[in-house]
There are 2 protein chains.
Amino acid sequence: MKVGGQHFRTIWLNPANEQVVQLIDQRFLPHRFVIEEVSTVAQMAIAIREMHVRGAGLIGASAGYGMYLAAIEAAGSPAVAGFDQHLANAAAQLKATRPTAVNLAWAVERQLTNIAKGKSEPDWHKTVQRKVALALATAKEIAAEDEEHCRMIGQHGLSFIEQIARKRDGKPVNVLTHCNAGWLAFVDYGSALAPVYAAHDRGLPVHVWVDETRPRNQGSKLTAWELGQHGVPHTIIADSSGGHLMQRGDVDLVIVGSDRTTRAGDVANKIGTYLKALAAQDNEIPFYVALPSSSFDWTIRDGSEIPIEERGAEEVKRADGWRDGQMLEVSVAPEGSPAANFGFDVTPRRLVTGLITERGVCKADEKSILELFPEHVS
Amino acid sequence: MKVGGQHFRTIWLNPANEQVVQLIDQRFLPHRFVIEEVSTVAQMAIAIREMHVRGAGLIGASAGYGMYLAAIEAAGSPAVAGFDQHLANAAAQLKATRPTAVNLAWAVERQLTNIAKGKSEPDWHKTVQRKVALALATAKEIAAEDEEHCRMIGQHGLSFIEQIARKRDGKPVNVLTHCNAGWLAFVDYGSALAPVYAAHDRGLPVHVWVDETRPRNQGSKLTAWELGQHGVPHTIIADSSGGHLMQRGDVDLVIVGSDRTTRAGDVANKIGTYLKALAAQDNEIPFYVALPSSSFDWTIRDGSEIPIEERGAEEVKRADGWRDGQMLEVSVAPEGSPAANFGFDVTPRRLVTGLITERGVCKADEKSILELFPEHVS
């Protein structure tokens, strides 16, 4: 999408040197637009763990590029055993960075499978070249798929906004979203925000209530920034405000993303999503989850099986922001008080109106999901 | 309750000069313990509006002391008309500071009624002395009642914690609370936290999940601080976390305060309370509202009639905290993005398990409330 009028993706190869990955270092947004160069898998693991990049699709794409960088590094190995060992280590290193994100393991496994297709030949140098080329092709493929899937999610979700717009006589359609499931969370377009961008680009009046999303403020820092850069009207609210807005009739629909969705339709997403789903149900407001199919975890049914990442207490006890031209952290709690920091919660499928995927919209139940994705019928 | 081992109330008269009110300036907590001296009604209006003092009971007590300061000022008037005019102006000034807090108007009206009982005599000087004495007595009475009512709420609410403790084999009872309805929100003891203090002081194991309560962080700044000072185990969480904790079985009961409760039992409290009530219902966890009867608004039935204060957008776009020995504000949102800041929401009575008042516990319905407070049967 647009940044200062120019089109950007969140991650790409350096055009001058394809052995280097470039990405938007999101830690400095909305205050500074920083592009980071990543040339080792260790750097990529840090970028994922320390959330220079974050969001379901972008984590997957970053892991894909990370495995490509690992293959370049492994190419220095004298034989296949060393090469494979380096890749296995890199895979483990990348997978350990963010335990809840299913796209991470999915992208890493896809790379391992594809790289393994580069069969050993007598000329080890040639074998390695082939494997690295496969890793590069796979990394590009993962990113391109993510982009296309998000574009399709936008087209499928657009109809819900159009339907409401028709009844609103030119008044804006109010969408509430939580966290950042915009293009910054993917390679482009986003999941939850893809229908919003599609509606806006088609000239429909749309306004987004942006949950600030403590403790890391992905809403106020990232969602507000990307909507603003693209020119979409929006208003930042504290995470506690959504229920009140729904009671007042100021929310027409809720669209959120998902870090992991079970085959039965339970949705793990940023902590607090469950509370918004409860409020939507209580006020009879549609609650949609937008996700590319890479965010499904086909191995589990029940959301209670999803591991929930616990992050450091300091994120809750501090707030970081911009002051006098620099990022500063301030303490917002007594030094002696402990804090707990759960990254995600699980919204049970009974609270989800529908899932918006690249293949279309379905109900949040196993039968409906498998009708769209029959290849996962077990 | 205790601060550094010493007993404090939130507001009191300067023992050396009873024409000066002293109060804890809560803006600097938890980082600095600042006592402010207030000697004019204009200063008191600022202290309430700018939230040096906040919380249902403390706003009422502050308004009571504010009207006492107004009476001292008015005593300079040469005749009753001027005196009454000054009091009326002061009343309007105080009432305008925080529109949602019912205790504010309640305390101001009580002062006007009581001061008016000081009938005019031929000696205007004597009349004025009597009126000022009545204002002082009323201010003290409002504060003393608030303290005693909170103490009684603690005794009535204690039984719920005791009941759960009996089944827990020494494991702590987990209470979740939102915002600050502790002693800092009243003259002493608090409403929501009064049962917690009562349980702790009786040696029962109790642990409090403290919602940080954005945008002003009354939870992480005030509730965590006062619990810590009194030695009660607690953990700060982001406002979005409560639902997840309830799903996991880590919350035994929710107790919150109220800024205004209708005669039918609808509860206006800090924005976000409604979301916690929904989650408590969804997980079959008792949801109690603790309030002194001064927080009832006997004039209305339906919560939708309660005016909801909208505060400045800057509170959402910024976070303030402590760094290098001073309070600093940092910007957490794009400069160009608007924000909305709703102070309160209304939790409908159907989500409230019970109201804990100074006279005992009742269901959140008009009949049950009026059984405890028959003087308000209309």
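The values are calculated or read from the model by the stated rules, or taken from the named source; none is laboratory data. Just so we're clear, the structure is a prediction, and the values are computed from it rather than from any experiment. Here the Cβ is made from the backbone with ideal geometry for all residues, glycine too, and neighbour counts use every protein chain on show. We work out accessible area using only protein heavy atoms, side chains counted, and drop any ligands, DNA or RNA first. Shrake-Rupley method; radii C 1.70, N 1.55, O 1.52, S 1.80 Å.
Of the strands (runs of 3 or more DSSP E) lying entirely inside the range B:1-99, not one carries at least 3 residues that are touching an Asp or Glu at 6+ places or on another chain (Cβ under 9 Å) and in the same structural domain as B:ALA268 (by TED's automatic domain parsing). When the residues of the range A:249-282 are filtered to those that are of a type in the set (S, T, N, Q) and under 27 Å from B:VAL332 (Cα atoms), the one that is farthest from the other protein chains (Cβ to nearest Cβ) is A:SER258.
Given the criteria crowded, with 16+ Cβ neighbours inside 10 Å and basic (Lys, Arg), does B:LYS367 qualify? Steps first, please.
Values: crowded, with 16+ Cβ neighbours inside 10 Å: no; basic (Lys, Arg): yes.
In short, no.
Has the range B:342-351 got at least one residue that is among the polar types (S, T, N, Q) and either at pLDDT 95 or above or open to solvent by less than 10 Å² (accessible area, probe 1.4 Å) (or both)?
Filtering the range B:342-351 down to residues among the polar types (S, T, N, Q) leaves B:347.
From what's left, either at pLDDT 95 or above or open to solvent by less than 10 Å² (accessible area, probe 1.4 Å) (or both): B:347.
Within the range B:342-351, one or more residues are among the polar types (S, T, N, Q) and either at pLDDT 95 or above or open to solvent by less than 10 Å² (accessible area, probe 1.4 Å) (or both).
Quickly run through the range A:4-35 and pick out the residues that are within 18 Å of the chain's Cα centre (by Cα) and open to solvent by 80 Å² or more (accessible area, probe 1.4 Å). The one that is within 18 Å of the chain's Cα centre (by Cα) and open to solvent by 80 Å² or more (accessible area, probe 1.4 Å): A:ARG27. For the range A:270-320, the set of residues classified as crowded, with 24+ Cβ neighbours inside 10 Å and assigned to a loop (DSSP other than H, G, I, E, B) consists of A:ILE271, A:GLY272, A:LEU291, A:PRO292, listed by residue number.
Taken over the range B:14-42, the residue count meeting the criterion of being without any contact (Cβ under 8 Å) to a residue 12 or more places away in the chain and out of contact with any Ser or Thr (no Cβ under 9 Å at 6 or more places or on another chain) is 4.
Going residue by residue through the range A:283-298, is there one that turns out to be within 11 Å of chain B (Cβ to nearest Cβ) and either at pLDDT below 95 or in contact with a helix residue (DSSP H, G or I) (Cβ under 6 Å, 6 or more places away or on another chain) (or both)? Yes, the range A:283-298 contains at least one residue that is within 11 Å of chain B (Cβ to nearest Cβ) and either at pLDDT below 95 or in contact with a helix residue (DSSP H, G or I) (Cβ under 6 Å, 6 or more places away or on another chain) (or both).
Rundown of residues vs (1) closer than 20 Å to A:ILE285 by Cα; (2) outside the structural domain of A:LYS270 (by TED's automatic domain parsing); (3) small (Gly, Ala, Ser), yes/no style:
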site	(1), (2), (3)
A:ALA133	no, yes, yes
A:LEU136	no, yes, no
A:SER159	yes, no, yes
A:GLN163	yes, no, no
A:ASN174	yes, no, no
A:CYS179	yes, no, no
A:SER191	yes, no, yes
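Screening the range A:185-248 for helices (runs of 4 or more DSSP H) wholly inside it with 1 or more residues that are more than 10 Å from every other protein chain (Cβ to nearest Cβ), at pLDDT 95 or above and open to solvent by less than 20 Å² (accessible area, probe 1.4 Å) returns the ranges A:194-201.
Anything in the range B:330-369 that is within 11 Å of chain A (Cβ to nearest Cβ), under 25 Å from the mean Cα position of the chain (by Cα) and not hydrophobic (A, V, I, L, M, F, W, C)? List them, or say none. Walk me through how you get there before you give the answer.
Of all residues in the range B:330-369, those within 11 Å of chain A (Cβ to nearest Cβ) come to B:330-348, B:350-351.
Restricting the remaining residues to those that are under 25 Å from the mean Cα position of the chain (by Cα) gives B:340-348, B:350-351.
Those that are within 11 Å of chain A (Cβ to nearest Cβ), under 25 Å from the mean Cα position of the chain (by Cα) and not hydrophobic (A, V, I, L, M, F, W, C): B:ASN341, B:GLY343, B:ASP345, B:THR347, B:PRO348, B:ARG350.
When B:ALA96, B:ALA144 are checked against the criterion of being out of contact with any helix residue (DSSP H, G or I) (no Cβ under 9 Å at 6 or more places or on another chain) and among the hydrophobic types (A, V, I, L, M, F, W, C), B:ALA144 stands alone in meeting it.
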